[in-house]
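Here the structure comes first, spelled out in structure tokens, and everything after it is commentary.
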Amino acid sequence: MRGTFTFDMSLIASKFESIAPSQTLAITAAAKQMRDEGQDITSFGAGEPDFDTPQYIKDACIEALQEGKTKYTPATGIPELKEAIKEKLYLENGLEYDNNQISINCGAKHSCFNAILACCDPEDEVVIPAPYWTSYPEMVRLAGAEPYFVQTKKENNWKLTADELEESMSGRTRMLILNSPNNPTGSVYTEKELKAIVEVCASEDIIILSDEIYEKLIYNGRKHFSTAAISDAAKEITITINGFSKVYSMTGWRLGYTAAPLEIAEAIAKIQSHTTSNPTTFAQYGALAALQGDQSIVTDMVEEYDMRRQYMLSRLGTINNIDVVEPEGAFYFLVDTSKMGLSSMNLTEKLLSRYKVAAVPGIAFGYDQSVRFSYATSLDVIKTGLDRFEEFCRAH
Ligand SMILES: *Cc1c(COP(=O)(O)O)cnc(C)c1O
């Protein structure tokens, strides 16, 4: 009989019972449907650059394809790209690694998951400062470990302090996840702040996963510091993660990389060799060109983001009922909506259905009194969207 079949859920691995599907999906799907129906939706939802991948990067990939670079490479990537990453880390981040400490992965998201899988046993705790990037907790759960959330304070620009870290630790703490510049808050840790955090982790043998994917999207003359470069002790406990998606507008290429202490790098290589094998061969040649090419394209994109950021900051600063902290990196504003007293799902649903503005509810980042606005979209869209948001705030 049709329609009576129910799937036996015991066939699904029990670890999935605690895995939540993406809470941002509902809003994104609703926004898409409304747009398909011809409604004029303004979206601040984007988690990816609105620029096209630079031409010289595409050309290098096309050339690689035509030269027949279409077969397997070593599981952790081509030596030329590792060499270029090694040089980049040395020159820009003050980090010295050997090629066998570097692995190229299928996106920085994959890099994060590999690193968590390589280091965390079931029952281990992973400290995640909130607001956090939405995938970290679920990756930790998939590895069988447990996320331990620390709510950071707006007054401290949403940054974890060494004291808060110390208080959050238990005998089971294995890892801390740091993300600077931060998604969703745009916060950037200073060298001094990192030093204090490293000191706590080094004394307790806690591994630091340092997700530096927004490294170059940084404003106000702020400087990015790599956690591993803080000290020799930092380098011994830090896994540095970076990638091509955000800085070179290469989200669909799926390329990220990891630099780690040798033993961790070897564990990651094992995982990757038995799961994905190498990241797409010809894509790696595009990434090689990205690192070797003229970096002025990055400066140009950063300038454009900064212009939008400043415009949004000046507008959001005049809107009642909300609070913002000036973001100094990435391409997001985390707008604090606690004065409105609405849950973030309720707020974003109203904002979408009545004011035609799509944004990501803060609950996806572990802070329900907020919404995330991305400025990886044109200034025109930003202007219209903020006009509408201002009206919404006036009415609530
Ligand atoms: C976008 C993003 C990533 C992952 O990027 P990939 O496309 O997988 O390279 C990782 N961390 C943060 C914080 C991000 O915002």
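The values are calculated or read from the model by the stated rules, or taken from the named source; none is laboratory data. Note that the coordinates shown come from a computational prediction; the quantities given were computed from them, not determined experimentally. Cβ coordinates were reconstructed from backbone atoms using ideal geometry, including for glycine residues, and neighbour counts include every protein chain displayed. These area figures cover heavy atoms from the full protein model, side chains too; ligands, DNA and RNA do not enter into them. Shrake-Rupley method; radii C 1.70, N 1.55, O 1.52, S 1.80 Å.
Against the condition in a helix (DSSP H, G or I), open to solvent by 20 Å² or more (accessible area, probe 1.4 Å) and more than 22 Å from SER187 (Cβ to Cβ), how does GLU303 come out, does it pass? Considered against the rule, which asks whether it is in a helix (DSSP H, G or I), open to solvent by 20 Å² or more (accessible area, probe 1.4 Å) and more than 22 Å from SER187 (Cβ to Cβ), GLU303 comes out as no. Applying the criterion of being part of a helix (DSSP H, G or I) and in contact with a Phe, Trp or Tyr (Cβ under 6 Å, 6 or more places away or on another chain) to the residues of the stretch 50-69, the residue that is surrounded by the most Cβ atoms within 10 Å (Cβ to Cβ) is CYS61. For SER245, the conditions (1) in a helix (DSSP H, G or I); (2) near the ligand (Cβ under 10 Å from one of its atoms); (3) touching a Pro at 6+ places or on another chain (Cβ under 9 Å) are fulfilled apart from (1).
Scanning the stretch 87-108 for residues that are more than 16 Å from the ligand (Cβ to nearest atom), outside any helix (DSSP H, G or I) and not aromatic (Phe, Trp, Tyr) yields GLY94, LEU95, GLU96, ASP98. Scanning for something closer than 28 Å to PHE225 by Cα, modelled with pLDDT of 95 or more and touching a Gly at 6+ places or on another chain (Cβ under 9 Å), does the stretch 306-318 turn up at least one residue? There is at least one residue in the stretch 306-318 that is closer than 28 Å to PHE225 by Cα, modelled with pLDDT of 95 or more and touching a Gly at 6+ places or on another chain (Cβ under 9 Å). Quick one: how many residues across the stretch 196-223 are under 22 Å from the mean Cα position of the chain (by Cα) and either among the aromatic types (Phe, Trp, Tyr) or surrounded by fewer than 19 Cβ atoms within 10 Å (Cβ to Cβ) (or both)? The qualifying residues number 6. Figure legend. Inter-residue proximity from the stretch 109-127: first residues within 12 Å of the ligand (Cβ to nearest atom), second residues open to solvent by 10 Å² or more (accessible area, probe 1.4 Å) and assigned to a helix (DSSP H, G or I), beta-carbon distance below 7 Å, spacing 6+ or different chains. Indicated pairs: CYS112/MET139; PHE113/MET139; ASN114/ILE271. Residues that are under 26 Å from GLY252 (Cα atoms) and in contact with a helix residue (DSSP H, G or I) (Cβ under 6 Å, 6 or more places away or on another chain) were ranked within the stretch 89-103; the one that is surrounded by the fewest Cβ atoms within 10 Å (Cβ to Cβ) is ASN99.
The set of residues from the stretch 247-264 being more than 16 Å from CYS120 (Cβ to Cβ) and open to solvent by less than 30 Å² (accessible area, probe 1.4 Å) comprises VAL247, TYR248, SER249, MET250, LEU255, GLY256, TYR257, ALA259. Residue count for the stretch 250-279 satisfying the condition of being within 13 Å of the ligand (Cβ to nearest atom) and either in a loop (DSSP other than H, G, I, E, B) or more than 24 Å from GLU96 (Cβ to Cβ) (or both): 8. Among the helices (runs of 4 or more DSSP H) confined to the stretch 133-241, the ones with at least 3 residues that are hydrophobic (A, V, I, L, M, F, W, C), within 16 Å of the ligand (Cβ to nearest atom) and not assigned by TED's automatic domain parsing to the domain that holds SER338 are located at 136-142. A single member of ALA84, ALA30, ALA75 is more than 16 Å from the ligand (Cβ to nearest atom) and outside the structural domain of THR251 (by TED's automatic domain parsing), and it is ALA30.
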